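The values are calculated or read from the model by the stated rules, or taken from the named source; none is laboratory data. Values in this document were obtained by computation on a predicted structure and should not be read as measured data. All Cβ positions, even for glycine, are placed from backbone atoms using ideal geometry, and neighbour counts span all protein chains on display.
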Amino acid sequence: MIEVEHLTKKYGDVTAVSDLSFTIEPGQIYGFLGPNGAGKSTTMNIMTGCLSATEGHVRIDGYDIFEEPDKAKRLIGYLPEQPPLYLNETPLEYLRFVGEAKGLRGGALNEQLQEVLRQTGIDGVKHRRIGDLSKGYRQRVGIAQALLGNPQMIILDEPTVGLDPLQIIEIRDLIKELGKTHTVIFSSHILSEVQAICDKVLIISKGHLAAFDTPENLERHMTSQEIILTADAPQDRAVDPLTKVEWIQLLELTEPEPGLTRARLKAEGEDLKEALRALFFAFAEEKIALLELTVEKASLEKIFIELTEFAEKEEQSYGGDPET
Amino acid sequence: MAAILKHELKSYFHSLTAYVFGAFLLVFVGLGTLRYNIQAAVSNFEFVLQYCALVLAILVPILTMRVISEERRQKTDQLLYSLPINTTQVVVGKYLALLTVYLIPLALVSVYPLIFSRFGDVYLPSAYGSIFAFFLMGAALIALGVFISSLTDNQGLAAGIGMAVMLFNYFSVSLSEYVSATAFGSVVALMVLVLLLVAVVYTLTKNENLAFAVGIVLLLAVMGVYFLDVEAFDNLLPRMMTALSLFDRFGSFVNGVFDLTAVVFYLTVVVLFLFLSVQAMEKRRYN
């Protein structure tokens, strides 16, 4: 379990992370989402003891990362944004060094080396120079390094950046696999990725926590759903049945083709089906055919943009500098 | 710490670093031996080492240039920070590995006096005293090199600065004869030093108030002492340059004196610069 309390980090006058608090529960995959420069890497660096905090605490299973770093660091494995690899060494030499530095010796070390080489699929390249490996393999060596010492929690900073689509899928599958036995936190600015793997999403924007929930809940709660309908009638006729239905709010009317009307509606209230039913019968009464009636769920992408833009506007309204 | 030491040693012996350093040191000691002990038929091995002292000022920066700067450039320092070992262990581990690389050619060299003693009269205590002092002097220079390497992520720059500092240190005794020996000259030099210190404090802490306070206090102290006791400043600058020379202290060993204050001085320099290296690495976490 990781508890982050009121974490603030300032670089001179620039605030990278401001008053961030959240708790990571064991046994789940967490996605750390945010645009570039939102403070993801800074937060992760602080959580793993690579960077000091200006204010606030990080506790790993109750051990403060600043006061008891030895105990806290044993519980986490970390892959920074740029994998920290010694390019002149082979994966085996490199991993042996990391294992020894994490306090593994003899048989236990060899056992774990075999285990992580198998898990990350780099057994075949273990005797080649890391500098000669492809980016995907280097990333795997980096992940293998984080896995050594069998930490409960694994923190990966943008593990799929710069990889080709096939490598991305492989790394994602690896993360899913690790999620079965470890708590995994990984950051990304790719939404589909987070949506596909994570049990919970933390959205961070301008150093603030904008949202922390499951992807499904975020979709359900953050924005209301929209109804799109196309009616086989010109606008003046099509507006009539629309005004009769109570639970909807008209957002936009367009004319995709002459004689057709397309309406974008917002359903108010919880019962979406009721609104759809009312719409259907209202048009039926007027003898207007509905050519299309669809419900558009707000994607995580929309939520993300909404949340991050909201944070930006809020900051501006307080007179803050939009650049910072 | 053992893991760091082992890892560093492996990398020195997998690359050419350890061999090139050892070979160059042995070549120069060999040349010195040829010139003094064989051609000139002098039985004192310590003269050879004095002749080789200048070589250390060139070789040590090349040996130490990448020790920390390369970690920063490759961003592998992130790994070191995230491992359950502290910065002191990292620095000491790296330092011990460098010392080992330095000790291997010295171990070979320390056989030479024994070989010569079979062919004539060699005063072994002063020969081995000098080898011991040569080791300590190198150890101090390596610590200085580690610190310089911890200041930058450019190993070429680290080597350049290291050589400049060590060569200046080597020649500072001879240079001290040419600098102003008057009290006024010393005061001016001290003030320049204070300003340099202020600049260093400011670049390290980015805190104007602290740097300003340090500068004011030191300048006032210098001026206060100057007005109270002018004589204290007589010849001060040359004395300081001589006192801080790492190479000058080696001379007394060559002259057959086992100088305990020099031993303490070298050890102090080692501890001081390793401490500063740890601080420089720690500072990267607190920027």
Selection within region B:204-216 - exposed (fewer than 13 other Cβ atoms within 10 Å of the Cβ) and in a helix (DSSP H, G or I): B:Glu208, B:Asn209, B:Ile216
Within region A:73-93, restricting attention to residues that are in contact with a His (Cβ under 9 Å, 6 or more places away or on another chain) and not hydrophobic (A, V, I, L, M, F, W, C), which residue is farthest from the other protein chains (Cβ to nearest Cβ)? A:Pro91
Where residues in region B:60-79 are assigned to a helix (DSSP H, G or I) and surrounded by fewer than 22 Cβ atoms within 10 Å (Cβ to Cβ), which of them is nearest to the other protein chains (Cβ to nearest Cβ)? B:Glu70
Test: residue in region A:114-123 that is more than 10 Å from chain B (Cβ to nearest Cβ), under 29 Å from the mean Cα position of the chain (by Cα) and acidic (Asp, Glu): yes
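Mind checking which residues of region B:19-52 are over 19 Å from B:Thr100 (Cβ atoms), touching a helix residue (DSSP H, G or I) at 6+ places or on another chain (Cβ under 8 Å), part of a helix (DSSP H, G or I) and not aromatic (Phe, Trp, Tyr)?
Selection gives B:Gly32, B:Thr33, B:Arg35, B:Asn37, B:Glu46, B:Val48, B:Leu49, B:Gln50, B:Cys52.
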I'd like to verify a number: residues in region B:230-279 that are farther than 13 Å from B:Leu136 by Cβ, under 17 Å from the mean Cα position of the chain (by Cα) and assigned to a helix (DSSP H, G or I), how many? 13
Which listed residue is away from chain A (no Cβ under 14 Å) and either in contact with a Phe, Trp or Tyr (Cβ under 8 Å, 6 or more places away or on another chain) or touching a residue at least 60 places away in the same chain (Cβ under 8 Å) (or both), from B:Leu99, B:Leu54: B:Leu54
Going through region A:153-187 one residue at a time, which ones are under 22 Å from A:Ile204 (Cα atoms) and among the aliphatic types (A, V, I, L, M)? A:Met153, A:Ile154, A:Ile155, A:Leu156, A:Val161, A:Ile175, A:Val184, A:Ile185
Does region B:217-229 include one or more residues that are surrounded by 14 or more Cβ atoms within 10 Å (Cβ to Cβ) and within 27 Å of the chain's Cα centre (by Cα)? yes
Provide a single number: the residues in region A:231-288 that are surrounded by 13 or more Cβ atoms within 10 Å (Cβ to Cβ), among the acidic types (Asp, Glu) and over 42 Å from the mean Cα position of the chain (by Cα). 2
Across (1) closer than 28 Å to A:Ala263 by Cα; (2) at pLDDT below 70; (3) surrounded by 13 or more Cβ atoms within 10 Å (Cβ to Cβ), A:Glu301 clears everything bar (3)
Tell me yes or no: at least one residue of region B:92-100 is β-branched (Val, Ile, Thr) and over 30 Å from A:Pro83 (Cβ atoms). no
Residues satisfying the stated conditions in region B:232-243, i.e. out of contact with any helix residue (DSSP H, G or I) (no Cβ under 7 Å at 6 or more places or on another chain) and more than 13 Å from B:Leu190 (Cα to Cα): B:Ala243
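Table: residues versus (1) basic (Lys, Arg); (2) at pLDDT 80 or above; (3) assigned to a loop (DSSP other than H, G, I, E, B).
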residue	(1), (2), (3)
A:Ser224	no, no, yes
A:Glu246	no, no, yes
A:Leu251	no, no, no
A:Arg264	yes, yes, no
A:Leu276	no, yes, no
A:Phe281	no, yes, no
A:Gly319	no, no, yes
Quick test for you: out of B:Ser126, B:Ser110, B:Ser130, B:Ser117, pick the one residue that is assigned by TED's automatic domain parsing to the domain that holds B:His14, buried (at least 22 other Cβ atoms within 10 Å of the Cβ) and not hydrophobic (A, V, I, L, M, F, W, C). B:Ser130
Considering only region A:124-138, state which residues are buried (at least 16 other Cβ atoms within 10 Å of the Cβ) and within 14 Å of chain B (Cβ to nearest Cβ). A:Ile130, A:Arg138
Listed residues B:Leu124, B:Leu175; which is over 22 Å from B:Val270 (Cβ atoms) and free of Cβ contacts under 8 Å to residues at least 40 places away in the same chain? B:Leu124
Could you grab me the full set of residues in region A:13-58 that are in contact with a helix residue (DSSP H, G or I) (Cβ under 7 Å, 6 or more places away or on another chain) and hydroxyl-bearing (Ser, Thr, Tyr)? A:Thr48, A:Ser52
Candidate set: region B:244-269, residues that are in contact with a helix residue (DSSP H, G or I) (Cβ under 9 Å, 6 or more places away or on another chain), under 29 Å from B:Tyr178 (Cα atoms) and of a type in the set (A, V, I, L, M); chosen: the one farthest from the other protein chains (Cβ to nearest Cβ): B:Val257
Conditions: (1) within 30 Å of A:Ala53 (Cα to Cα); (2) out of contact with any Phe, Trp or Tyr (no Cβ under 9 Å at 6 or more places or on another chain); (3) aromatic (Phe, Trp, Tyr). A:Trp247 meets all but one. Number of the miss? (1)
Can you name every residue in region B:80-89 that is touching a residue at least 40 places away in the same chain (Cβ under 8 Å), at the interface with chain A (Cβ under 7 Å from one of its Cβ atoms) and part of a helix (DSSP H, G or I)? B:Tyr81
Out of all the residues in region A:44-62, which are of a type outside the set (Val, Ile, Thr) and either within 11 Å of another protein chain (Cβ to nearest Cβ) or under 20 Å from the mean Cα position of the chain (by Cα) (or both)? A:Met44, A:Asn45, A:Met47, A:Gly49, A:Cys50, A:Leu51, A:Ser52, A:Ala53
For strands (runs of 3 or more DSSP E) lying entirely in region A:132-215, having 1 or more residues that are among the polar types (S, T, N, Q) and modelled with pLDDT of 90 or more picks out A:183-188
Name, by its number, the condition in (1) at pLDDT 90 or above; (2) closer than 21 Å to B:Phe273 by Cβ that does not hold for B:Ala127. (2)
Test: residue in region A:21-43 that is at pLDDT 90 or above, crowded, with 19+ Cβ neighbours inside 10 Å and facing chain B (nearest Cβ under 9 Å): no
